[in-house]
1. Pick out the one residue from Lys202, Lys162 that is touching a residue at least 40 places away in the same chain (Cβ under 8 Å), more than 15 Å from Glu12 (Cβ to Cβ) and within 20 Å of the chain's Cα centre (by Cα).
2. Using beta carbons and a limit of 8 Å, which pairs, at least six apart or on different chains, have the first residue in segment 127-152 and at positive phi and surrounded by 13 or more Cβ atoms within 10 Å (Cβ to Cβ) and the second one in a strand (DSSP E or B) and not hydrophobic (A, V, I, L, M, F, W, C)?
3. Taking Glu120 as the residue in question, decide whether it is among the charged types (D, E, K, R), in the same structural domain as Val59 (by TED's automatic domain parsing), within 28 Å of Met290 (Cβ to Cβ) and surrounded by 18 or more Cβ atoms within 10 Å (Cβ to Cβ).
4. Evaluate the following for Leu411: is it in contact (Cβ under 8 Å) with a residue 40 or more places away in the chain, surrounded by 14 or more Cβ atoms within 10 Å (Cβ to Cβ) and in contact with a Lys or Arg (Cβ under 7 Å, 6 or more places away or on another chain)?
5. Please indicate, with yes or no, whether at least one residue in segment 448-455 is in contact with a Ser or Thr (Cβ under 7 Å, 6 or more places away or on another chain), surrounded by 15 or more Cβ atoms within 10 Å (Cβ to Cβ), at negative phi and in contact (Cβ under 8 Å) with a residue 12 or more places away in the chain.
6. From the list Arg191, Arg200, which one is surrounded by fewer than 23 Cβ atoms within 10 Å (Cβ to Cβ) and under 17 Å from Pro31 (Cα atoms)?
7. In segment 265-276, is there at least one residue being in contact (Cβ under 8 Å) with a residue 12 or more places away in the chain, in a loop (DSSP other than H, G, I, E, B), within 25 Å of the chain's Cα centre (by Cα) and assigned by TED's automatic domain parsing to the domain that holds Glu12?
8. Do any strands (runs of 3 or more DSSP E) entirely within segment 177-255 hold 2 or more residues that are aliphatic (A, V, I, L, M), and if so, which?
Amino acid sequence: MSEKYYPTIGLEVHAELKTNTKMFCACKNDPDEEKPNVNICPVCMAHPGALPVINKKAVENVIKVGLALNGKIADFTEFDRKNYFYPDIPKGYQISQYKFPIVSGGHLASFDITRVHLEEDTANNKHDRGDYSLIDFNRAGVPLMELVTKPHTFDNMELAVKTASKFAKEYQLVLQYLGVSEANMEKGEMRVEANISLSREKKFGTKVEVKNLNSFRSVERAIKYELGRMTKLLEENKDAEIMQETRGWDEGKQKTFSQRKKESSEDYRYFPDPDLPKLKLHEAFDLKRMKKELPELPIAKRARYKKDFGIKAEDIEIYVNDFELGVRFSAIAKILTNSKKVQIASNFITSDYLGIKKSNKEAKLPSAENFAELVSIFNEGKISSRAAKDILGRIVVNDESPKEIAEKGNLLQKNDEGTLKKIAQKIMNANPKAVADYKGGKENALMSLVGQIMKETKGSANPEVVKKLLEKLLK
């Protein structure tokens, strides 16, 4: 039987900040630029004598994140030079932060935060040219925020994988709600690195860093693979030592691979950047006002939706992840007020509307008034479930009054017992066997008669009224 192992996971998440210009120069910060090397200047290309200037908006964005995570905002902070020699670093060093990060502490989704600091992004290597590589410096110098979590030890591997992925997703949402980053992983605007270790006891093992995971699925699969690799090493040899190293994730092979021996902070020879001023953040920013002006964050939105609307957790998660859809739902719920109607509205949106949206990208929610009207006439029994779905299919293309559509299309259900009684008697006379079966104890025969009446009325009869009427007549 295999021994029990305790995985420890720590995460480092880089996110490109949404600013007009780069971190230390006036070049445009444009993640959608397709032409290489057009948003560059002497500063981000490290020409001799070019001096950097701090982007205040980028600093403000990091402070917002720190406040949202309930971290401590530093009074004093400074920028340091992190020295290493790669082709994508034109200066031979990266301007980053070491001893005095902007944010210390905080918490999010099961992980405690160690720090959040600000640095500049590197250039982008292009390795798709066969026997040589090219470098695009458009990204060099873009404001890059790095969050580092404290390592967290888990009781099992499955929990470790799920919790790490959940943290990354929640952090992406926080950045998007704050408006500080698009955090689009496909574009490389958010990159995750996982520090992974495994031990037979509840203590830290030797750490392996897996770099540049560019999707939530990659985060899960890379951690799962690496924990499996470590487990195999330890089970095959009790005295085996896991090497501290940096590994990459091969998406095609679905496995990690060794890149280099892990550097320590001493290898980077950090020292304060002499070209940049020290910052006193408590003087430069009104932190109380910034905290007060923070938008509603995902965790608060979940709690409010549960309290105010009482809708399913799955529905709430859809609205939290799709901010605009959540805004539209809130506007509809405000008109409906009744909790039953609000739940019907949510079912229509998360099931029927999103189903339509998959096959018709042009579909969009109608005005809150028209959507609320659809819910109301359905809740009042004026239209059937089938009619409601048909009308919804129309109003997501053309924003019209559902009531008018129902009236013009003869979709309003007939509730008049006098009229329905005559039709019911006609159907009963025409189906003596079904009548006899029902009276003989076969409950299904009743629904057969209901179906016949619905067919006779072309679906306009209210099935609940029809059912109750038949039960009276067949006594």
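1. Going through Lys202, Lys162 in turn, the sole match is Lys162.
2. Gly141/Glu120
3. yes
4. Spelling it out, it is not the case that Leu411 is in contact (Cβ under 8 Å) with a residue 40 or more places away in the chain, surrounded by 14 or more Cβ atoms within 10 Å (Cβ to Cβ) and in contact with a Lys or Arg (Cβ under 7 Å, 6 or more places away or on another chain).
5. no
6. Exactly one residue qualifies, and that residue is Arg191.
7. No: segment 265-276 contains no residue that is in contact (Cβ under 8 Å) with a residue 12 or more places away in the chain, in a loop (DSSP other than H, G, I, E, B), within 25 Å of the chain's Cα centre (by Cα) and assigned by TED's automatic domain parsing to the domain that holds Glu12.
8. Ranges flagged: 190-199, 208-213.
The values are calculated or read from the model by the stated rules, or taken from the named source; none is laboratory data. As the structure is a prediction and not an experimental result, all values here were calculated from the model. So basically every Cβ, Gly included, is an ideal-geometry build from the backbone, and we count neighbours across all protein chains shown.
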